[in-house]
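Down below is the structure, laid out as structure tokens.
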Amino acid sequence: MVGAMKIVRSPKAMQRLAKEWRGAGVRVGFVPTMGFLHAGHVSLMEVARRRVGPKGIVVVSIYVNPTQFAPTEDLSKYPRDFARDRQLCTEAGVDVIFAPLDSDMYAGRGEGRYSTYVVEESLGRPMEGASRPTHFRGVTTVVAKLFNVVLPDVAVFGAKDWQQAAVIRRMVNDLNFPLQMVVAPTRREKDGLAMSSRNTYLNESERKQATVLIRSIRAVKARVASAGRGGLAAEVLKSEVAAMVAQEPAARLDYVEFFDGETLEAVAEVRRGAHMALAVFMGRTRLIDNGRV
Ligand code: PAF
């Protein structure tokens with residue numbers, strides 16, 4: 001769409017616009033984010049634009065969703081810079097930023113007036129779900145709400161959050177959301193670190209050590225390639241990754257798992273094409289990454 005980028009705060013106003021577009025047969029591409037945007041987000045916006053074409057609409061939501069943070073995780077410290085986000089969205093040719101307030105998204109939460117949640121009960125259990133038990137309930141709830149407000153034809157998510165994408169895809173199928181889900185590749189810094197808003201928490205030394213996530217993935221990939229058809233025991237590879245991570249003074253391994261990239265089912269023997277995901281605390285910052293090995 002040609003014209004100045006709009007910023008919409010109210011879910012009702014956003015839904016009104018979305019209904020108008022739908023009525024006019026305009027395709028809508030949607031990129032949900034928590035803001036503090038970086039080149040990884042911009043690449044998702046580009047995918048959305050390609051999917052809907054020049055006459056379509058690209059909507060980016062910027063909303064730090066409180067329900068996906070546990071009380072122990074510092075929601076108030078999540079990085080925010082709306083002016084910069086707005087600039088990046090303008091440059092990326094976004095048509096609408098939807099940036100709602102907590103009071104509109106979850107009116108009366110904790111006071112008994114907001115009480116509806118969406119829970120995916122299987123794919124979200126291991127890995128992130130085991131480490132952050134309330135996280136995916138918050139993600140599926142807010143994404144379902146955002147879908148109902150933005151009414152997208154296409155929604156684009158990043159592959160860095162591989163399990164999140166799988167959980168949302170399952171929700172889309174299970175609850176019959178009439179949209180196409182696209183998972184776009186992870187954007188990386190020059191040294192391989194996956195782009196993430198959380199990288200800004202890292203001090204200089206942690207930032208250097210943080211490449212241990214991608215180094216581990218690459219090391220496992222090489223090991224699996226040289227092992228041939230028989231593959232390697234997941235337990236052996238897990239110990240090797242733990243040893244690599246332990247070499248970095250600021251790093252603490254939260255988990256490393258090997259699984260089928262589609263079903264997320266754990267594999268005992270890791271062969272080429274299996275998927276690997278890991279979460280590592282670098283100091284107080286928790287980073288995740290994943291890849292096909
Ligand atoms: O991946 C994220 O940034 C968030 O989990 C999402 C999908 C925007 C929901 O808050």
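Any read-out appearing in this document is the output of simple, stated calculations on the displayed coordinates, not a laboratory observation. Worth saying up front: this structure is predicted, and the values here are computed from it rather than measured. Cβ sites come from the backbone with ideal geometry, for glycine too, and all protein chains shown count toward neighbours.
Assuming R0 = 25 Å, can you tell me the calculated FRET efficiency for the pair ASN148 and ARG84, based on Cβ-Cβ distance, to the nearest 0.05?
The formula returns an efficiency of 0.30 here.
Taking R0 as 30 Å, what FRET efficiency do you get between GLU111 and GLN180 from their Cβ-Cβ distance, rounded to the nearest 0.05?
0.20
Nothing charged except the Cβ atoms of Lys and Arg (+1) and of Asp and Glu (-1): what's the magnitude of the dipole of the chain about its Cα centre? Round to the nearest 20 debye.
For the chain, the charge dipole is close to 660 debye.
May I ask you to derive the FRET efficiency for ILE7 and ARG272 from their Cβ-Cβ distance with R0 = 45 Å, giving the value to the nearest 0.05?
According to the calculation, E is roughly 0.45.
Filter LYS160/LYS190; LYS77/LYS160; LYS6/LYS190 down to the pairs with a C-alpha to C-alpha distance above 24 Å, please.
LYS6/LYS190
When only DSSP loop residues count, what chymotrypsin sites (Phe, Trp or Tyr not before Pro) in the range 52-135 have their Cβ near at most 12 other Cβ atoms within 10 Å?
The qualifying sites: there are none.
Restricting to DSSP loop positions (anything but H, G, I, E, B) with no more than 14 other Cβ atoms inside 10 Å of their own Cβ, which trypsin sites (Lys or Arg not before Pro) remain in the range 249-279? Show your work: numbers first, answer last.
Numbers: sites: ARG252, ARG271, ARG272; in loops: ARG271, ARG272.
Qualifying residues, ordered by number: ARG272.
Counting helices only, and only those DSSP H runs with n ≥ 4, report the 222 nm mean residue ellipticity of the chain as the sum of -39,500 (n - 2.57) divided by its residues, in deg cm²/dmol to the nearest 500.
Result for the chain: -11000 deg cm²/dmol, rounded to the nearest 500.
How big is the dipole moment of the range 34-104 about its Cα centre under a simple scheme where the beta carbon of each Lys and Arg is +1, that of each Asp and Glu is -1, and everything else is neutral? Debye, nearest 20, please.
So the magnitude is around 340 debye.
Among residues other than VAL26 whose Cβ falls under 12 Å from its Cβ, what is the net charge (Lys/Arg +1, Asp/Glu -1)?
+1
Give, in whole angstrom and from largest to smallest, the semi-axes √(5λ) of the equivalent ellipsoid of the chain, with λ running over the eigenvalues of the Cα gyration tensor.
34, 20, 20
Given N residues in the range 206-272, what is Rg(Cα) / (2.2 N^0.38 Å)?
That ratio works out to 1.14.
How charged is the neighbourhood of LEU179? Take every other residue with its Cβ under 12 Å from the Cβ of LEU179, and add Lys/Arg as +1 and Asp/Glu as -1.
Residues near LEU179 contribute +3 overall.
How much net charge surrounds MET282 when only other residues with a Cβ under 15 Å from its Cβ are counted (Lys, Arg +1; Asp, Glu -1)?
That works out to 0.
Please identify, among ARG218, ARG49, ARG187, the residue showing maximal mean-square fluctuation in a Gaussian network model of the chain using a 10 angstrom Cα cutoff.
The residue with the greatest mean-square fluctuation here is ARG218.
Have a look at the range 239-293 and give its Rg and Dmax from the Cα atoms, expressed in angstrom.
Here Rg and the maximum Cα pair distance are 12.0, 34 Å.
Are there GluC sites (Glu not before Pro) in the range 35-103 that DSSP marks as loop and that have at most 15 other Cβ atoms within 10 Å, and which are they?
Numbers: sites: GLU46, GLU73, GLU91; in loops: GLU73.
For GluC sites (Glu not before Pro) across the range 35-103 that sit outside H, G, I, E and B with at most 15 neighbouring Cβ atoms in 10 Å, the list reads GLU73.
Going by average Cβ density within 10 Å per residue, which order do the peptides 160-169, 128-137 take, highest to lowest?
160-169, 128-137
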